[in-house]
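Reading through the structure tokens given below for one structure.
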Amino acid sequence: MTAARFDVCECGRRGGSPPAGNDLVAAGCHALRGPLTSLLAFSGFLADAGEGELTEEHRQFVEIIRRSSERVLALVNELDLLARLESGQLRLNLAPVSIPELVRTVAADQHSHSPAVVLRSESADGPPIDGDQVHLQQMLAALVLSRLEAAGPGGSVDLRAAPTSTGWQIELTDSHPGLPDDQLNQLFTAFRRPAPERSTGVSLAVSRAIAVSHGGTIQAENTGSGTTVTVRLPWGRPGR
């Protein structure tokens, strides 16, 4: 099968034209964060009520409110981060980042979250890159989780990282038959969810923006045996 490819443009890099609506998104996120934080706080107060003050059914209602509020707040935070990354308003905390250590950390975390899917990881030794440790870990964790979800129970995901002449290359390949070629370009677009992906795509859109903010790229490709996502990160961020 001819490999179909989707290359992410670097439109979000600092100095380019910010996408329309980012200021509105940031303002909306700021307005929503306060009420959501209050919902979480007061649901916590209710959950801590003494025995007999709430029925078991009421406690279940409180737990539903808490979980739903947490999910919405996480989405709001992701949208806010995406808007700031794409507009170039987020200042990265740049320092040497070990990609092999990053791979080991993320793989260890995801093993416990998705025990029904086999995650195999390997990384060659190599020098660190100039990057933001927190955001790069967030990017890789979201990519690994998306491939684990695509593979499904009984499936597998291979995570590989190796240095190249220009920087680090990270590849994730899942055992799912692969996405239709016309849906590959939806993988990193917020709120567009190609089947069988379960994510809303916001976390993957954030991952793309994080890679671009580091001067890198993300590429999705059908290989015939699954979908491979390739991240390329240069040794140093452009302009440094």
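The values are calculated or read from the model by the stated rules, or taken from the named source; none is laboratory data. All values reported here derive from a predicted model rather than from experimental measurement. Accessible surface is based on the protein model in full, side chains and every heavy atom, while ligands, DNA and RNA are left aside. Shrake-Rupley method; radii C 1.70, N 1.55, O 1.52, S 1.80 Å.
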(request) Using the heavy atoms of the protein chains and a 1.4 angstrom probe, tell me the accessible area per residue for region 90-136 in square angstrom. (result) 55
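If 40, 46 are ordered by their accessible area, calculated over protein heavy atoms with a 1.4 Å probe, which sequence runs from highest to lowest?
Details: 40 40, 46 85 Å².
The ranking, largest first, comes out as 46, 40.
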(message) Whole-Hz ³J(HN,Hα) for each residue in region 167-172, computed from phi via Karplus 6.51 cos²θ - 1.76 cosθ + 1.60 with θ = phi - 60°, x for glycine and proline: what do you get?
(response) x, 9, 10, 10, 10, 10
(request) Quick one: accessible surface of residue 45, probe radius 1.4 Å, all protein chains present, in square angstrom to the nearest 10. (result) 130
(request) Work out how much length residue 38 to residue 189 would gain on full extension: take 0.36 nm times their residue separation and subtract the Cα-Cα distance, in nm to one decimal. (result) 51.3 nm
(message) Not counting ligands, DNA or RNA, and with a 1.4 Å probe, what is residue 121's accessible surface area in Å² rounded to the nearest 10?
(response) 60
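Tell me, what % of the accessible area of region 27-99 is carbon and sulfur with a 1.4 angstrom probe? The partial results should precede the final answer.
Values: 2720 of 4590 Å².
Of the solvent-accessible surface of region 27-99, carbon and sulfur hold 59 percent.
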(request) Can you send over the solvent-accessible area of residue 235, 1.4 Å probe, protein chains only, in Å² to the nearest 10? (result) 80
(message) Ignoring ligands, DNA and RNA, please state the percent of accessible area on region 131-183 from carbon and sulfur, probe 1.4 Å.
(response) 55
(message) Order 132, 158 by their accessible area, 1.4 angstrom probe, all chains in place, largest first.
(response) 158, 132
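Rounded if a/c is under 1.5, else prolate if a/b beats b/c, else oblate: with a ≥ b ≥ c from the C-alpha gyration tensor eigenvalues square-rooted, which is region 57-122?
On the way: a/c = 3.36, a/b = 1.23, b/c = 2.73.
Verdict is oblate for region 57-122.
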